[in-house]
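Okay, structure first, notes after.
The values are calculated or read from the model by the stated rules, or taken from the named source; none is laboratory data. Model, not experiment: these values are computed from the prediction. With ideal geometry, Cβ positions are generated from the backbone for all residues, glycine too; neighbour counts draw on all protein chains shown. Note: accessible area is taken over every heavy atom of the protein model, side chains too, but ligands, DNA and RNA are not part of it. Shrake-Rupley method; radii C 1.70, N 1.55, O 1.52, S 1.80 Å.
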Amino acid sequence: MEDNKKHPLAERFRGFLPVVIDVETGGFNCRTDALLEIAATTLTMNEAGELCIDETYDFNVDPFEGANLEKSALEFTGIDPHDPERAAEPEEMVFPDLMQLIRAKVKSHDCTRAVLVGHNAHFDHGFVMAAIERCGIKRHPFHPFSVFDTATLSGLAFGQTVLAKSCVAAGLEFCNTAAHSAAYDTEKTAELFCLIVNRWKTLGGWDLALAAQASDAEETATADSEER
């Protein structure tokens with residue numbers, strides 16, 4: 001790649017780097033309930049202009065001090081927060097390291113910031129932002145409120161909104177016994193997101209967007225010239 005040429009992914013989402021996130025938690029309230037697992041899958045773009053998986057990072061997390069743990073949530077995920085074999089780390093150790101890894105990916109792809117991709121993404125975004133706040137991290141890579149939600153995209157593309165059913169409808173393998181592990185769900189969500197974006201490109205949707213952008217740029221240039 002030439003020194004002055006941006007990474008092709010930098011132009012695809014307005015300078016945003018999609019980062020797929022999944023969290024497993026001790027409940028539904030991001031302010032009061034524990035975050036127990038987090039996984040992040042970064043994406044990249046190959047020479048054919050196809051979105052693809054780059055790397056996955058996953059961490060087991062100790063409940064923050066005073067965190068609520070709902071019995072029903074733990075039964076659903078199968079997580080024992082007090083199991084020493086989880087090798088869990090406190091949020092104050094996990095989040096600075098994870099944010100640094102993601103910032104490096106944003107920079108290497110010539111992007112300006114990361115945008116969270118998730119299945120029912122606002123749930124994951126809420127827990128991530130709450131943990132960032134608890135850790136006192138002032139400089140983080142994520143957009144403060146924008147997300148890409150694969151539940152919505154799958155509803156449009158496949159008529160399904162549940163992750164497992166969306167993957168099956170998309171022709172992707174999905175193991176129900178491995179589900180509700182942050183790392184597994186993150187990579188499945190990443191595969192689903194890449195498939196939808198790449199299929200849109202194959203169908204010509206991205207070409208239409210590029211043509212519209214080129215037309216807008218030409219009209220702006222013409223208007224500027226006439227004003228002179």
| field | Single condition residue 202 does not satisfy, out of (1) open to solvent by 70 Å² or more (accessible area, probe 1.4 Å); (2) touching a residue at least 60 places away in the same chain (Cβ under 8 Å); (3) under 22 Å from residue 51 (Cα atoms) | value | (2)
| What is the number of the single condition among (1) of a type in the set (Gly, Ala, Ser); (2) farther than 26 Å from residue 199 by Cβ; (3) open to solvent by 60 Å² or more (accessible area, probe 1.4 Å) that residue 126 does not meet? | (3)
| request: Return only the number of the condition from (1) under 13 Å from residue 42 (Cα atoms); (2) open to solvent by 40 Å² or more (accessible area, probe 1.4 Å); (3) within 15 Å of the chain's Cα centre (by Cα); (4) not hydroxyl-bearing (Ser, Thr, Tyr) that residue 145 does not satisfy. | output: (1)
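Which one of 187, 191 is open to solvent by 50 Å² or more (accessible area, probe 1.4 Å), out of contact with any helix residue (DSSP H, G or I) (no Cβ under 9 Å at 6 or more places or on another chain), under 20 Å from residue 37 (Cβ atoms) and not polar (S, T, N, Q)? Spell out how you get there, then give the answer.
Values: 191 fails: out of contact with any helix residue (DSSP H, G or I) (no Cβ under 9 Å at 6 or more places or on another chain).
Of the residues listed, the single one that is open to solvent by 50 Å² or more (accessible area, probe 1.4 Å), out of contact with any helix residue (DSSP H, G or I) (no Cβ under 9 Å at 6 or more places or on another chain), under 20 Å from residue 37 (Cβ atoms) and not polar (S, T, N, Q) is 187.
When you go through 22, 54, 62 one by one, which is the residue that is more than 18 Å from residue 185 (Cα to Cα) and acidic (Asp, Glu)?
Numbers: 22 fails: more than 18 Å from residue 185 (Cα to Cα); 54 fails: more than 18 Å from residue 185 (Cα to Cα).
Only one candidate passes the filter, namely 62.
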| task | Filter region 160-183 down to residues that are more than 18 Å from residue 52 (Cβ to Cβ), modelled with pLDDT of 95 or more and open to solvent by 60 Å² or more (accessible area, probe 1.4 Å), then give me how many there are. | result | 5
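Of all strands (runs of 3 or more DSSP E) completely enclosed by region 1-116, which ones contain at least 3 residues that are open to solvent by less than 30 Å² (accessible area, probe 1.4 Å) and in contact (Cβ under 8 Å) with a residue 40 or more places away in the chain? So that I can check it myself, show each step before the final result.
Numbers: elements: 16-25, 35-45, 51-60.
The qualifying strands (runs of 3 or more DSSP E) are 16-25, 35-45.
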